[in-house]
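Each reported figure results from applying straightforward, stated rules to the coordinates on display, with no laboratory input. Model, not experiment: these values are computed from the prediction. Here Cβ is always computed from backbone atoms with ideal geometry, including for glycine, and neighbour counts include all displayed protein chains.
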């Protein structure tokens, strides 16, 4: 009888010891998770944020190519907030701004050319660069500058706000209408005056700047 009680007591202490060990291991796992999980999430969201930034660059590159192509076939400059889809649906020719804005807005909600109810001007330079030796080889030069805000800023890599600027050049196929260009550098809408041209700066002579006929 005494031996039986001693065995029960020993088994009981063994169970208590095992339970304490399990609880200690669980507590240790929770502490480790609490320490590691924020770092893992930070790395994960940083990768996602940088991936969206790379996608934004690709979108702006595509937008400036499409806009340059539209200008090269004689489409007018247009105004911020234009939509090529709406223009075509209304039976009108698309504008350069309409093509550029539609391409950027295709990536909503990550990219948009609207700030609340106000359109954001994203074209900082649009001009026909003349060839003094051959007028048939004039080129359209277009710069799109988009104010980008990363989903998660990364110190030293992705600041709170930056400007993605892309420039593209293409030979003119169809001239702009006479009232669609000016030799005087335009200021104000539809151009974005907050941006600087990319290096090297575009020429300032033998240049015809694109303007929207009738204004915006």
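Extension gain for residue 106-residue 205 works out to 32.0 nm (0.36 nm per residue, less the C-alpha to C-alpha distance). Based on alpha carbons, the Rg and Dmax found for segment 59-210 are 15.7, 50 Å. Remark: spin-label model distance residue 47-residue 31 equals 2.9 nm, labels positioned 7 Å along the Cα→Cβ axis.
What FRET efficiency comes out for residue 182 versus residue 58 if R0 is 41 angstrom and r is the Cβ-Cβ distance? Round to the nearest 0.05. Result of the calculation: an efficiency of 0.80.
The residue 174 and residue 115 beta-carbon pair, evaluated with R₀ = 35 Å, returns a calculated FRET efficiency of approximately 0.60. Length gained on full extension, residue 89 to residue 139: 15.1 nm, using 0.36 nm per residue less the C-alpha separation.
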